[in-house]
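> Before we start, here is the structure in question, set down as C-alpha coordinates.
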Amino acid sequence: MTEAEDARAELLRLRGSIDNIDAALIYMLAERFRATQQVGVLKAEHDMPASDPKREEQQVARLRAVAEEAHLDPEFAEKWFNFVVAEVIRHHTEAKEGR
(Lines give C-alpha, C1' and ligand atoms only; values in the text may rest on other atoms or scores of the structure.)
Protein backbone atom coordinates (compact mmCIF):
# COMPACT_ATOMS: atom_id res chain seq x y z
CA MET A 1 0.00 0.00 0.00
CA THR A 2 1.19 3.51 -0.72
CA GLU A 3 1.39 6.19 1.91
CA ALA A 4 -1.69 7.89 0.42
CA GLU A 5 -3.64 4.61 0.51
CA ASP A 6 -2.61 4.07 4.14
CA ALA A 7 -3.77 7.57 5.00
CA ARG A 8 -7.10 7.00 3.22
CA ALA A 9 -7.62 3.69 5.05
CA GLU A 10 -6.87 5.39 8.39
CA LEU A 11 -9.27 8.22 7.53
CA LEU A 12 -12.04 5.71 6.80
CA ARG A 13 -11.33 3.85 10.06
CA LEU A 14 -11.46 7.06 12.08
CA ARG A 15 -14.66 8.20 10.36
CA GLY A 16 -16.26 4.83 11.11
CA SER A 17 -15.39 5.28 14.77
CA ILE A 18 -16.82 8.82 14.74
CA ASP A 19 -20.03 7.55 13.13
CA ASN A 20 -20.41 4.92 15.86
CA ILE A 21 -19.83 7.49 18.59
CA ASP A 22 -22.37 9.87 17.00
CA ALA A 23 -24.98 7.10 16.94
CA ALA A 24 -24.27 6.23 20.58
CA LEU A 25 -24.65 9.90 21.56
CA ILE A 26 -28.04 10.08 19.83
CA TYR A 27 -29.26 6.98 21.66
CA MET A 28 -27.98 8.37 24.97
CA LEU A 29 -29.73 11.69 24.35
CA ALA A 30 -32.94 9.85 23.53
CA GLU A 31 -32.68 7.96 26.83
CA ARG A 32 -31.98 11.20 28.68
CA PHE A 33 -35.05 12.85 27.15
CA ARG A 34 -37.22 9.84 28.08
CA ALA A 35 -36.14 10.35 31.70
CA THR A 36 -36.64 14.12 31.63
CA GLN A 37 -40.08 13.61 30.06
CA GLN A 38 -41.05 11.61 33.15
CA VAL A 39 -39.71 14.44 35.31
CA GLY A 40 -41.80 16.91 33.31
CA VAL A 41 -44.98 14.89 33.81
CA LEU A 42 -44.28 14.61 37.54
CA LYS A 43 -43.65 18.34 37.80
CA ALA A 44 -46.82 19.13 35.85
CA GLU A 45 -48.92 16.80 38.02
CA HIS A 46 -47.64 18.44 41.20
CA ASP A 47 -47.58 22.02 39.94
CA MET A 48 -43.81 22.30 40.27
CA PRO A 49 -41.85 24.86 38.24
CA ALA A 50 -40.50 23.72 34.87
CA SER A 51 -36.97 24.83 35.72
CA ASP A 52 -34.86 24.35 38.82
CA PRO A 53 -32.06 26.92 38.71
CA LYS A 54 -30.30 25.54 41.80
CA ARG A 55 -30.21 22.01 40.31
CA GLU A 56 -29.02 23.40 36.98
CA GLU A 57 -26.22 25.33 38.70
CA GLN A 58 -25.12 22.17 40.53
CA GLN A 59 -25.18 20.19 37.30
CA VAL A 60 -23.11 22.80 35.46
CA ALA A 61 -20.45 22.65 38.18
CA ARG A 62 -20.48 18.84 38.18
CA LEU A 63 -20.31 18.55 34.40
CA ARG A 64 -17.54 21.13 34.13
CA ALA A 65 -15.50 19.01 36.56
CA VAL A 66 -16.28 15.84 34.58
CA ALA A 67 -15.28 17.62 31.37
CA GLU A 68 -11.96 18.67 32.85
CA GLU A 69 -11.30 15.10 34.00
CA ALA A 70 -12.17 13.86 30.49
CA HIS A 71 -9.93 16.49 28.86
CA LEU A 72 -12.92 18.21 27.26
CA ASP A 73 -13.28 21.98 27.26
CA PRO A 74 -15.52 22.80 30.28
CA GLU A 75 -16.97 25.78 28.39
CA PHE A 76 -18.13 23.44 25.64
CA ALA A 77 -19.63 21.04 28.22
CA GLU A 78 -21.52 23.92 29.81
CA LYS A 79 -22.82 25.16 26.45
CA TRP A 80 -23.97 21.64 25.59
CA PHE A 81 -25.72 21.29 28.94
CA ASN A 82 -27.43 24.67 28.62
CA PHE A 83 -28.65 23.73 25.13
CA VAL A 84 -30.10 20.44 26.39
CA VAL A 85 -31.66 22.04 29.48
CA ALA A 86 -33.38 24.70 27.36
CA GLU A 87 -35.05 21.91 25.38
CA VAL A 88 -35.97 20.04 28.57
CA ILE A 89 -37.55 23.18 30.08
CA ARG A 90 -39.51 23.67 26.87
CA HIS A 91 -40.84 20.12 27.19
CA HIS A 92 -41.68 20.64 30.88
CA THR A 93 -43.51 23.87 30.09
CA GLU A 94 -45.52 22.13 27.36
CA ALA A 95 -46.36 19.28 29.76
CA LYS A 96 -47.59 21.78 32.33
CA GLU A 97 -49.71 23.52 29.69
CA GLY A 98 -51.22 20.13 28.79
CA ARG A 99 -49.80 19.82 25.27
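> Quick check: residue separation of TRP80 and GLU68 times 0.36 nm, minus the Cα distance between them. What number comes out in nm?
Residue separation times 0.36 nm, minus the Cα-Cα distance, leaves 2.9 nm.
> Of GLU69, GLU56, GLU87, which is the most mobile in a GNM of the chain whose springs link Cα atoms less than 10 angstrom apart?
For the chain, modelled as a Gaussian network with Cα springs under 10 Å, the answer is GLU69.
> Extension gain ARG13-ILE26, at 0.36 nm per residue separation less the Cα-Cα distance, in nm?
Difference between extended and current length: 2.6 nm.
> Students sometimes get this wrong: rank LYS79, LYS43 by accessible area, probe 1.4 Å, all chains present, largest first.
Result, largest first: LYS79, LYS43.
> Specify which residue in the list MET1, THR93, ALA70 is farthest towards the positive end of the charge dipole of the chain, using unit charges on the beta carbon of Lys, Arg (+1) and Asp, Glu (-1), about the Cα centre.
Sorting the options by dipole projection puts first THR93.
> Quick check: convex hull over the Cα atoms of the range 7-75, volume per residue in Å³, rounded to an integer?
Dividing the Cα hull volume of the range 7-75 by its residue count gives 104 Å³.
> Mean-square fluctuation check for the chain, GNM, Cα pairs under 10 Å: which of ARG62, ARG32, ARG13 is largest?
ARG13
> So, one more: Measuring from centroid to centroid over Cα atoms, what is the spacing of the range 62-99 and the range 2-37 in Å?
Cα centroid of the range 62-99 versus Cα centroid of the range 2-37: 21 Å apart.
> Could you state the angle between the C-alpha long axis of helix 3-45 and the longest principal axis of the C-alpha atoms of the chain, as a value from 0 to 90 degrees rounded to the nearest 10?
10 degrees
> With a 1.4 Å probe and all protein chains left in place, how much of the accessible area of the chain comes from carbon and sulfur atoms, in whole percent?
Reported share for carbon and sulfur atoms: 59 percent.
> Using only the heavy atoms of the protein chains and a 1.4 Å probe, how would GLU31, GLU78, GLU45, GLU10 rank by accessible area, largest first?
GLU45, GLU31, GLU10, GLU78
The values are calculated or read from the model by the stated rules, or taken from the named source; none is laboratory data. Owing to the predicted nature of the structure, the values given are computational and were not obtained by experimental measurement. So basically every Cβ, Gly included, is an ideal-geometry build from the backbone, and we count neighbours across all protein chains shown. For accessibility, only protein heavy atoms count, side chains too; no ligands or nucleic acids. Shrake-Rupley method; radii C 1.70, N 1.55, O 1.52, S 1.80 Å.
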